[in-house]
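What follows is a short report on a single structure.
The values are calculated or read from the model by the stated rules, or taken from the named source; none is laboratory data. Note that the structure is a prediction, hence the values are computed from the model and not measured. Neighbour counts run over all protein chains shown; Cβ positions are idealised from the backbone, glycine included. For the accessible areas, the whole protein counts, side chains as well, though only heavy atoms, and no ligand, DNA or RNA atoms are used. Shrake-Rupley method; radii C 1.70, N 1.55, O 1.52, S 1.80 Å.
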Amino acid sequence: MISDATEVAARVDMVQIFIFGMMAFWFIACNAVLVYFMLRYRRKGPDDKVANIKGNHTLEIVWTVIPCILVLIIFYYGVVVWKDLRVPPKDEPVYEIGVTGQKWSWSFKYPNGATTGNELIVPQGTNIKLNMISSDVIHSFFIPEFRVKEDVIPSMYTYLWFNAKHAGEYNIFCTEYCGKDHSHMLGKVRVLDADNWENWEKTGLMLGEERLTPLENGEKLFADRGCKGCHSVDGAKLVGPTMLDAFGRSATFASGEAYTVDDNYIANSIKYPNNQIVAGYPANQMPSFDGQLSDSEISDIITYIKTIKSE
Ligand code: CUA
């Protein structure tokens, strides 16, 4: 029941259990006394005199002072653990990762220049600080098992820190309603042991993992970076145009200008989506991926889009 994923998570849970336990104790104790008094002192008949109590200073002081002390204990315990939750330990190295939230995916940027989408890769037993910003609306970054959550806001940096004790996979949720596909804005934290982490940092691959072909990588990026949330591959009309038979298609922009989809068209649409709004589709829906995807990643996505053909 108590989370073992991070030290802080266990402490957060202890605060919860302490407060809940104290509430439960007093709830049961008060109600037990209430029921007992109802039975013990009930009026037994018309001749039974009602006691007329004017007040009792000692009792009133006792039932004021004791709850005050208990509430102050809850406050103090909460503040101490909240500080652990918010402030990474001083004098210890912190590994900082950039996080960008956008409709409807997460991107991560590492100190070595690597980027990942929807999968946050971190070393085990290291203080990780996430510097977070949104490129469109308010999102909220939540890793339930680490008991950390923080809003991700446009034009203002927010942060989170954690230190994962065990290698493994944990869920990331967006917990701020951010539009149509809010509930699909999911990710994973992948905590790696020292060997795997060292290998990943150098090569971008897990131990034993094969390098993907451009086509495979393009398909993976198309899914991981949230492209398929708005661009179907089966012809369905979603927020943006379908990718089925997109390559080579000729049509017109909202401005009336004619275009044909080629490599440059796709690259420009990924980097500067609002410069190329297709007629019949709303503007300002797609976030720019300029700087979020490398040129080589964009090439892989183009390679994949070329293969999305109806027979
Ligand atoms: Cu992003 Cu909800």
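Of note:
- The set of residues in the stretch 17-55 that are outside any helix (DSSP H, G or I) and of a type in the set (A, V, I, L, M, F, W, C) comprises 50, 51, 53.
- Whichever residue in the stretch 301-311 is outside any loop (DSSP other than H, G, I, E, B) and β-branched (Val, Ile, Thr) and, among such residues, is nearest to residue 226 (Cα to Cα): 301
- Checking each residue in the stretch 259-300 for being more than 18 Å from residue 229 (Cβ to Cβ), outside any loop (DSSP other than H, G, I, E, B) and in contact (Cβ under 8 Å) with a residue 40 or more places away in the chain picks out 299, 300.
- Filter pass, residue 27 being surrounded by 14 or more Cβ atoms within 10 Å (Cβ to Cβ) and either away from the ligand (no atom under 16 Å from the Cβ) or within 30 Å of residue 271 (Cβ to Cβ) (or both): no
- Residue within the stretch 201-209 that is more than 16 Å from the ligand (Cβ to nearest atom) and surrounded by 16 or more Cβ atoms within 10 Å (Cβ to Cβ) present: no
- Any hit, the stretch 255-271, residues being acidic (Asp, Glu), more than 28 Å from the chain's Cα centre (by Cα) and over 18 Å from residue 310 (Cα atoms): yes
- Residue match in the stretch 184-193 (condition: closer than 30 Å to residue 10 by Cα, open to solvent by less than 70 Å² (accessible area, probe 1.4 Å) and touching a Cys at 6+ places or on another chain (Cβ under 9 Å)): yes
- Verdict on residue 54 being loosely packed, with under 14 Cβ neighbours inside 10 Å and not hydrophobic (A, V, I, L, M, F, W, C): yes
- Some residue of the stretch 286-293 being hydroxyl-bearing (Ser, Thr, Tyr) and open to solvent by 30 Å² or more (accessible area, probe 1.4 Å): yes
- Residues of the stretch 108-131 that are over 17 Å from residue 170 (Cβ atoms) and either in contact with a His (Cβ under 6 Å, 6 or more places away or on another chain) or aliphatic (A, V, I, L, M) (or both): 114 alone.
- Members of the stretch 144-199 that are within 16 Å of the ligand (Cβ to nearest atom) and without any contact (Cβ under 8 Å) to a residue 12 or more places away in the chain: 177, 183
- Residue 151 meets the stated requirement of being modelled with pLDDT of 95 or more, out of contact with any Pro (no Cβ under 7 Å at 6 or more places or on another chain) and acidic (Asp, Glu).
Yes/no matrix, rows are residues, columns are (1) open to solvent by less than 10 Å² (accessible area, probe 1.4 Å); (2) within 16 Å of the ligand (Cβ to nearest atom); (3) closer than 19 Å to residue 292 by Cα:
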| residue | (1), (2), (3) |
| --- | --- |
| 73 | no, no, no |
| 76 | no, no, no |
| 79 | no, no, no |
| 99 | yes, yes, yes |
| 112 | no, no, yes |
| 132 | yes, yes, yes |
